[in-house]
1. Find me the longest stretch of the chain that has none of the exposed trypsin sites (Lys or Arg not before Pro), where exposed means in a DSSP loop (not H, G, I, E or B) with at most 10 other Cβ atoms within 10 Å.
2. Tell me, how many Å apart are the Cα centres for region 273-352 and for region 176-255?
3. Compute, for the chain, the length of the dipole vector about the Cα centre, with Cβ point charges of +1 (Lys, Arg) and -1 (Asp, Glu) only. Units Debye, rounded to 20.
4. Starting from the 7 Å offset along Cα-to-Cβ, what nm value, one decimal, do you get for the label separation of Arg239 and Leu448?
5. Could you state the angle between the C-alpha long axis of helix 141-161 and the longest principal axis of the C-alpha atoms of the chain, as a value from 0 to 90 degrees rounded to the nearest 10?
6. Lysines within cross-link reach of Lys326: Cα-Cα under 28 Å, excluding same-chain residues under 8 positions apart?
7. So which GluC sites (Glu not before Pro) in region 387-478 end up in coil per DSSP with only 15 or fewer other C-beta atoms within 10 Å?
8. Run the numbers on region 319-412 and let me know its relative contact order in percent, using alpha-carbon pairs under 8 Å that are six or more apart.
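Nothing in this text is a laboratory measurement; each read-out follows from the coordinates by a stated rule. Model, not experiment: these values are computed from the prediction. Note that we place each Cβ from the backbone using ideal geometry, even for glycine, and neighbour counts take in every protein chain shown.
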Amino acid sequence: MALTTDAAASRDGTPAESTRNQQRAHALGLTSSTGLVVGSIVGTGVFTMPAVLAGAGTMSLVVLGVIAVGALLLGVLFGQLTRRVANSDGGVYAYARHEFGDFAGYLVGWCYWIQSWAGNAAIVSSWVFYVDALFHITPNGMGNWGIAMVGLWVPAVVNLVGVRQMAWFQNLTVVLKFLPLLFVGVVGWFFVRSANFGPFNASGGSLYSGIGIAAGVALFSFIGVEAAAVTAKRVRDPRRNVGRASITGTAASAVLYVLVSAAVMGLVAHHGLVNNGAPFVNAFESIFSQGAWAGRLVAALAVISGIGALNGWTLIVTETSRAIAKDDLFPRPFAWADHKDTAWFGILIGTGLPSLLMLWRYSTSSGLTIFTYLVDLSVVTVAIPYFFSAIAQLTYLVSRRRRVEGWRLARDLTVAGASVLFSLWVTFASGYQVVYQAMLVLLIGLVLYAFLNARRERLGEAAEPVELPTEVASAPGV
């Protein structure tokens, strides 16, 4: 995925071939990279989110708005980091490694890679609800697992074909899902009934517990703001376009989320919305009360939306592991690429792991429980990379290396500081159980790092620690 160098051009042949290689490497323009951000943010999660938010109450809409502001700040942050970090391949991983070294880079890359494919499992679990609704399938564990396999592996095949085809497919699915969602978010308000809105706090507990319920699914729905940053080497003129794509895509998604979620909560009675895996079916049936076709139409649109999100996230999973492997901080096969520069091994592993995770979840759980579990796991593991990105920028701004002064420094410090607090709050609001599970995942990754770092020391790629002389280390009392 690296840029074609002059040396590579001389090996490959003519300058024209070198130019074509560069064009293939930078296949995502501003429109496509913005589409990647929107497509990664607005997946099937938006079609399930109102049901989870309803469980927290109408105050969840306020939480959603706060999360949206935080996501926009992160979009600004990623744009600033991409302009500053020379090699931003891998996005959040590259920022941490640039500022804090290999260990921090690996830690962030590991967490982000885990949340990426676990997030794909969450997306496909929501996607299955709408496939069931579209074809009137009676939900069952193994049957739904088979449906999930289709949702995971069709995008994998699209990505294996090549990034240009992936970008075309991504833009198509974004258009197909954005218009009907806007329809619900605009026209749906003419059919909203105030009596359908539930209480301000419907969690049955404290306000804090309600915020925790809403914050988890709200942040999960905005994961993807970093999509353009992670795939920066695929973006033309990334120093300019990554920030633009991140902000534009996130802002459009935020407006859509608030309008649509509030509309659905007003279209469907509260008792019928809570624990409803496919709430948009009921919402469309409320608008078009004389035909069941409306419910099936929105189910079909949700299926298209999910495939588009899974398509974009399959690329992100692959590019994340490829970037780390190219720096020899991940197993080397993840950097293997074919003649189209497609990291096929990363695609296969990044799709196989959520396939196994879904097999386990469908064997032990059912319904919306599967979706919420996977959402919670994804949220905490992505909060860690967001936090490291924010403190990487903060470190630069308070150091002597910075090149910004005056009001620009105050602006950038505000963005970085707010992003630090936002990441900490999201982790805190997720609850101790999810943080505990994420900690176990992180510790498992450190075991892998021990072997990878030992290999790098043998190859001279990492400095070996200075040990005490043998006679000193073996002295009595030492």
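1. Longest gap between qualifying sites, sites excluded: 1-399.
2. Centre-to-centre (Cα) distance: 16 Å.
3. Roughly 1000 debye, rounded to the nearest 20.
4. 3.4 nm
5. Long axis of 141-161 versus the principal axis of the chain: about 50 degrees.
6. Partners within reach: Lys233, Lys340.
7. Qualifying residues, ordered by number: Glu405, Glu461, Glu467.
8. In percent, rounded to a whole number, it is 12.
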